[in-house]
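*Asks:* Take this structure, written in structure tokens, and hold onto it; I'll ask about it next.
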Amino acid sequence: MELSKDSIEALVKMMKKEMLLDIDPYSFVSPSAYDTAWLAMVPADSNQPCSMEPMFRVCLDWVLKNQTQEGFWGECDAHGNPTLESLPATLASVIALKKWNVGKENAEKGLAFIRANAEYLLAGHQNQFPRWFAIVFPGMIELARKTGLDLDFPHHLKGLLMDIFFEREQILESDKGLAAGGAYPSLLSYLEVLPSLYAANEQEIMKNLSGDGSLFQSPSATACAFMATGNKDCLAYLQSLIEKCGNNGVPPTYPMDEELIKLGLANQLERLGLAEHFTQQIEEILTQVYQTYTKESSSEKSISVASVATQLQKDSLAFRLLRMHGYNISPRSLCWFLNDDEIVDHIEKNQEFFSSVMLNVYRATDVMFSGEYELEEARSFSRKVLEKVVSKGTGSDNDVFTKSSAFQRMMEEELSLPWVARLDHLEHRAWIEQNEMNALWPGKTCFHRYKYSAIAT
């Protein structure tokens, strides 16, 4: 049915009211079924692991209410199909239900989904499993078996599962002892799935807690740390998280950069072709962001390797949007990473993980002026990374919400077609079709992304 002009204006007005007026930025970000399930496992009495009551009942209730009709938990693609991330998310959810002896039908349906779909989901990534998956999935299988769950994988799938377990052993061996050095993703950020041989002792856990009481801002790892140590700082972090997000499920990372969420929202509106309806709201976001950037000098940036991806995602979005809207912003606000050999080396060694970030850096350099040599260097560096990723054909291994072919196509088009030669209406359509899941920035086991309800596409 064709909408009238008045109807369209009414919808825009409703979106403005719901999306951009004093709304908590966290409400735009999809929850993580995996992390919510881990908080649902925390017993009410940390001194009695066999306690029959969960500490965070709201998380257990969320798990019970958010299983899909197909039987899985976790994000799906734009067509409603499960992704690789749904396997560990579903296992975590089933384990939480089993632990508290609730939702028997939900648990059986979840196990049936895993048995029926594991082969299809795993075969689609054979020999190209993301690093996070190779660490998390074997750990969740081991935990499920300890919990007494019968996974009953098909016999012909066992060889592929053995390959994933072997890949995990290689990752753990190569990264053993690097957790305290800041390598990302740190092994301790996967505390909840580390085998006992590699699991940190209480002293090491305490040494690596952030000031907010978390392990690398990971709800799942911090939940495990609290169950292992009973640490009051971990508990305070988890309670703060529940107070902020509990009713809607917890995000994959907490706390999140609220400016980055707002920048991602402004970018999403522009790329969908909706910006003309939200000029005032976008301008308010950019004015706030610009004030932040003018208060900071490039020399003040002190970024750990663990937070490089998030910071670069934010800086690339801010740089492009601010310049496109006429703000005077220095190239150094984006190019700071080039002056840190450790960060450059880390990006080069983890090209697939940084592929979406480097794509945003490359797009940001579209708006450079003549003589801005730092931006030329950033463009050259990001292009080389993207070209290597494209040549491997594995560009979105870590983007669990976007099909490899779609992300691959997006990178190829960015590299082959100059920005000035594109037509806006075709760009908007391509963004809707290719960026199916509105990925924002990489998390530990998934991409942070907007809820479907946040923006009408």
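*Asks:* Just need a number here: residues in segment 141-156 that are open to solvent by 40 Å² or more (accessible area, probe 1.4 Å) and either touching a Phe, Trp or Tyr at 6+ places or on another chain (Cβ under 9 Å) or assigned to a helix (DSSP H, G or I) (or both).
*Replies:* Residues meeting the conditions: 6.
*Asks:* Can you find, within segment 332-347, the residue that is farthest from L265 (Cα to Cα) among those that are open to solvent by 20 Å² or more (accessible area, probe 1.4 Å) and in contact with an Asp or Glu (Cβ under 8 Å, 6 or more places away or on another chain)? Full working, then the answer.
*Replies:* Of the residues in segment 332-347, the ones open to solvent by 20 Å² or more (accessible area, probe 1.4 Å) are 332, 336, 338-342, 344-346.
So of that shortlist, the ones also in contact with an Asp or Glu (Cβ under 8 Å, 6 or more places away or on another chain) come out as 332, 336, 338.
Working: R332: 24, W336: 24, L338: 27 Å.
Checked segment 332-347; the qualifying residue farthest from L265 (Cα to Cα) is L338.
*Asks:* Of all residues in segment 371-401, which are of a type in the set (S, T, Y), surrounded by 16 or more Cβ atoms within 10 Å (Cβ to Cβ) and at pLDDT 95 or above?
*Replies:* Selection gives S382 alone.
*Asks:* Those residues that are exposed (fewer than 14 other Cβ atoms within 10 Å of the Cβ) and in contact with a helix residue (DSSP H, G or I) (Cβ under 6 Å, 6 or more places away or on another chain), I need them from segment 199-232; list them, please.
*Replies:* E202
*Asks:* Considering segment 83-107 alone, what residues qualify as being among the polar types (S, T, N, Q), within 18 Å of the chain's Cα centre (by Cα) and not in a loop (DSSP other than H, G, I, E, B)? It would help to see each step written out before you state the result.
*Replies:* Let us first name the residues in segment 83-107 that are among the polar types (S, T, N, Q), namely 83, 86, 90, 93, 101, 106.
Of the ones still in play, those that are also within 18 Å of the chain's Cα centre (by Cα) are 83, 86, 90.
S86, T90, listed by residue number.
*Asks:* Do any residues in segment 368-390 that are within 14 Å of E414 (Cβ to Cβ) have Cβ atoms under 7 Å from those of residues that are among the β-branched types (V, I, T) and part of a helix (DSSP H, G or I), where the two are at least six apart or on different chains, and which pairs are they?
*Replies:* Close Cβ pairs (under 7 Å, with a partner that is among the β-branched types (V, I, T) and part of a helix (DSSP H, G or I)) amount to R379/T365; S382/V361; V385/I347.
*Asks:* Continuing with the same structure: Among the residues of segment 243-283, write down those that are open to solvent by less than 30 Å² (accessible area, probe 1.4 Å), in a helix (DSSP H, G or I) and either over 29 Å from L209 (Cβ atoms) or among the hydrophobic types (A, V, I, L, M, F, W, C) (or both).
*Replies:* Within segment 243-283, C245, L260, I261, L263, L265, A266, N267, Q268, L269, A275, Q281, I282 qualify.
*Asks:* If a residue must be polar (S, T, N, Q) and within 15 Å of T36 (Cβ to Cβ), how many such residues does segment 241-271 contain? Quick ask: steps written out before the conclusion?
*Replies:* Going through segment 241-271, the residues polar (S, T, N, Q) turn out to be 247-248, 253, 267-268.
Applying the additional criterion that residues be within 15 Å of T36 (Cβ to Cβ) yields 247-248, 253.
Residues meeting the conditions: 3.
*Asks:* Only one residue in G80, G74, G110 is open to solvent by less than 50 Å² (accessible area, probe 1.4 Å), part of a loop (DSSP other than H, G, I, E, B) and touching a helix residue (DSSP H, G or I) at 6+ places or on another chain (Cβ under 6 Å), so which one is that?
*Replies:* One residue alone meets the criteria, G74.
*Asks:* Looking at segment 61-88, which of its residues are aliphatic (A, V, I, L, M) and touching a residue at least 60 places away in the same chain (Cβ under 8 Å)?
*Replies:* Going residue by residue through segment 61-88, those that are aliphatic (A, V, I, L, M) are 63-64, 78, 84, 87.
Answer for segment 61-88, where residues must be aliphatic (A, V, I, L, M) and touching a residue at least 60 places away in the same chain (Cβ under 8 Å): A78, L84.
*Asks:* Determine the pairs where a residue that is surrounded by fewer than 23 Cβ atoms within 10 Å (Cβ to Cβ) and assigned to a helix (DSSP H, G or I), located within segment 124-140, has a partner that is among the basic types (K, R) and at pLDDT 80 or above with Cβ atoms under 8 Å apart, the partner being 6 or more residues away or on another chain.
*Replies:* A134/R168; P138/R168; G139/R168
*Asks:* Still on this structure, please answer the following. Return yes or no: is L238 open to solvent by less than 30 Å² (accessible area, probe 1.4 Å) and either modelled with pLDDT under 85 or not in a helix (DSSP H, G or I) (or both)?
*Replies:* Spelling it out, it is not the case that L238 is open to solvent by less than 30 Å² (accessible area, probe 1.4 Å) and either modelled with pLDDT under 85 or not in a helix (DSSP H, G or I) (or both).
The values are calculated or read from the model by the stated rules, or taken from the named source; none is laboratory data. Keep in mind it's a predicted model, so treat the numbers as computed, not measured. A quick note on method: Cβ atoms are made from the backbone with ideal geometry, for glycine too, and the neighbour counts reach across all protein chains shown. We work out accessible area using only protein heavy atoms, side chains counted, and drop any ligands, DNA or RNA first. Shrake-Rupley method; radii C 1.70, N 1.55, O 1.52, S 1.80 Å.
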